[in-house]
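> Before I ask anything, let me first share the structure, which is written out below as structure tokens.
Every number in this text was worked out from the coordinates using simple rules, so none of it is lab data. Computed from a prediction, not measured in an experiment: that's the story for all the values here. Glycine also receives a Cβ, built like all others from the backbone with ideal geometry; neighbour counts cover every protein chain displayed.
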Amino acid sequence: MSILEKMSSTDAIALEKKYGAHNYHPLPVVLNRGEGVFVWDLEDRKYYDFLSAYSAINQGHCHPKIVDALISQSKKLTLTSRAFHNDMLGQYEEYACQLFGFDKLLPMNTGAEAVETALKVCRKWAYEKKGIVANEAQIIVCENNFHGRTTTIISFSNDPVARENFGPFTDGFIKIEYNNLKALQTTLESNSNIAGFLVEPIQGEAGVYVPSENYLTKAKALCEKHNVLFIADEVQTGIARTGKMLAVDHENVTPDILILGKALSGGVYPVSAVLANNEVMEVIHPGNHGSTFGGNPIAAAVAMAALKVVKDEHLAQNALELGELFRTEMNAYIANSTIVKKVRGKGLLNAILINDTEDSSTAWEICMALKNNGLLAKPTHGNIIRFAPPLVMNKEQLLDCVSIIKNTLQSFEK
């Protein structure tokens with residue numbers, strides 16, 4: 001097929017299936033336009049986006065201020081590598097450091113890259129600052145985590161699909177139960193080689209699992225007591241998604257290392273970052289770590305614009321208020337439902353638990369029905385449906401979406 005011919009959704013899906021690696025299982029919808037909270041497919045059908053590219057598009061599709069920053073910078077200078085300075089990187093680093101309250105920023109491109117970067121920084125700090133014997137450092141992680149799919153990261157995943165036939169795996173990680181302070185305390189007390197504790201403030205991919213109140217506060221205190229770095233993976237939960245600029249802000253916790261990505265660019269360009277104070281970040285020297293594209297001028301311009309949109313448009317407050325409304329409305333429905341057991345979340349990161357087994361197709365079928373009714377969402381962990389609309393959504397739009405969700409669920413009630 002010529003690239004100039006007009007394609008149908010069926011054609012586009014067939015083309016991707018023929019020439020693309022089959023590493024995803026998307027809903028059968030082909031999008032070619034987006035604006036704000038809406039997307040349109042090749043047949044010009046309109047949908048509410050209730051996934052936001054896994055919270056990368058918190059600022060809405062094609063936000064004009066972010067797109068303008070991309071276009072403007074791309075006409076001047078796109079890439080220098082880090083062999084030379086560029087005039088945008090320092091401005092971006094200053095802006096982000098002051099916004100999030102850290103001394104230093106190490107720029108990368110993707111969330112998984114940023115996680116890998118944080119792990120390396122943590123290990124180097126452990127050897128050079130804490131005094132752990134070379135190659136003996138251990139990092140505590142949580143079961144059911146999702147930090148990416150690189151070889152090192154899947155080494156401490158317990159998702160069999162992500163792990164099967166990708167070994168041998170990387171050593172140096174200890175898995176404990178999420179939201180279990182006793183397990184964290186016991187591990188810290190029994191092992192003097194612990195360098196860091198890597199944790200998602202809310203486990204998004206696991207089904208929007210929100211930990212107990214004060215879990216993060218107490219975990220951070222335990223880390224401080226044992227001179228262990230508290231590493232917060234806010235790639236999905238950060239940038240206003242949960243009703244605060246960072247999810248850890250709900251408990252006034254300051255991580256030793258902060259990992260950001262996704263909405264750091266508003267979904268316009270791959271941008272991620274690791275932030276830490278001087279005492280931690282000063283262990284990194286020229287040649288220790290880097291990326292040809294990390295810190296490029298387009299990324300810097302886009303990230304600054306994306307962060308300013310979040311701040312200027314009060315998206316954290318909007319997420320907080322609309323999230324409470326969403327859960328109130330869903331709880332009212334669940335009170336008389338046989339198909340939905342629970343709604344959970346914080347801000348506009350929410351999920352409903354379908355009353356069926358993890359290996360059932362019910363959640364997928366519900367998402368297909370939602371698509372037919374004009375709303376796009378995706379299951380996670382089999383029987384859980386995650387809902388994460390762009391944070392630019394207004395109350396009227398949210399209630400319209402709630403109506404679509406309720407009417408769709410009603411057709412699955414027994």
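> Stretched out fully, how many nm does the piece from residue 285 to residue 221 gain, at 0.36 nm a residue minus the Cα gap?
20.1 nm
> Hey, if you put +1 on the Cβ of every Lys and Arg and -1 on every Asp and Glu Cβ in the chain, which of 343, 326, 67 ends up farthest toward the positive end of that dipole?
Positive-end residue among those listed: 67.
> Now, a different point. Mind listing the phi-derived Karplus ³J(HN,Hα) values for the range 378-387, rounded to whole Hz, using 6.51, -1.76 and 1.60 with θ = phi - 60°, and x for any glycine or proline?
Karplus values, whole Hz, x for Gly and Pro: 9, x, 9, 6, x, 10, 10, 10, 8, 10.
> Residue 369 versus residue 32, label points 7 Å from Cα toward the beta carbon: distance in nm?
In this crude label model, residue 369 to residue 32 measures out at 3.1 nm.
> Something else about it: At 7 Å along the Cα-to-beta-carbon direction for both residue 43 and residue 159, put a label point, then send me their distance in nm to one decimal.
3.0 nm
> Order these by the 10 Å Cβ neighbour count, fewest first: 103, 256, 41.
Fewest-to-most Cβ neighbours within 10 Å comes out as 103, 41, 256.
> Length gain on complete extension for the stretch residue 21 to residue 414, per 0.36 nm per residue less the alpha carbon to alpha carbon distance?
Extra length available between residue 21 and residue 414 comes to 137.6 nm.
> In the Gaussian network model of the chain, springs joining C-alpha atoms below 10 Å, which of 326, 38, 84 carries the largest mean-square fluctuation?
Judging by the Gaussian network model, the answer is 84.
> Using amide H atoms built 1.01 Å from N in the peptide plane, name the residues 5+ places from residue 174, or on other chains, whose amide H lies under 5 Å from its own.
139, 140, 141
> Can you give me the span-like helices of the chain, meaning DSSP H runs with 24 Å or more of Cα extent along the axis and Kyte-Doolittle mean at or above -1.0?
Taking the DSSP H segments of the chain (at least 24 Å long, mean hydropathy at least -1.0), we get 315-334.
> In whole Å, what is the distance between the alpha-carbon centres of the range 179-227 and the range 360-379?
34 Å
> Taking the alpha-carbon distance from residue 182 and a cut-off under 17 Å, which aspartates and glutamates remain once sequence neighbours fewer than 8 residues away in the same chain are dropped?
Straight-distance partners of residue 182: 143, 213, 224.
> For residue 387, what residues show an amide H to amide H distance below 5 Å, using hydrogens built from the backbone and excluding near sequence neighbours?
The list, which skips near neighbours in sequence, is 350, 351, 352.
> Please rank 65, 262, 75, 378, fewest neighbouring Cβ atoms within 10 Å first, as an exposure proxy.
Listed from fewest to most nearby Cβ atoms, that is 75, 65, 378, 262.
> Net charge within 11 Å of residue 124 by Cβ-Cβ distance, Lys/Arg positive one each and Asp/Glu negative one each, not counting residue 124 itself?
+2
> Running a GNM on the chain with Cα contacts under 10 Å, which residue among 303, 137, 335 ends up with the highest mean-square fluctuation?
Comparing 303, 137, 335 in a Gaussian network model of the chain, the most mobile one is 335.
> Same structure again: Return the lysines within reach of residue 395: Cα separation strictly under 27 angstrom, same-chain partners fewer than 8 residues apart disregarded; answer none if there are no such residues.
46, 65, 244, 262, 308, 311, 341, 342, 346, 371, 378, 406
> Which of 319, 219, 83 moves the most in a Gaussian network model of the chain with Cα springs under 10 Å?
83
> In addition: Once fully extended, how much extra length lies between residue 65 and residue 182, figured as 0.36 nm per residue of separation less the alpha-carbon to alpha-carbon distance?
Net length gain for the segment: 37.5 nm.
> How high is the FRET efficiency between residue 6 and residue 277 when r is their beta carbon distance and R₀ equals 60 Å, given to the nearest 0.05?
It comes to 0.65.
> Using a 7 Å offset from Cα along Cα-Cβ at residue 170, what residues in the range 185-199 end up with backbone N under 18 Å from the label point?
Residues passing the 18 Å test: 194-199.
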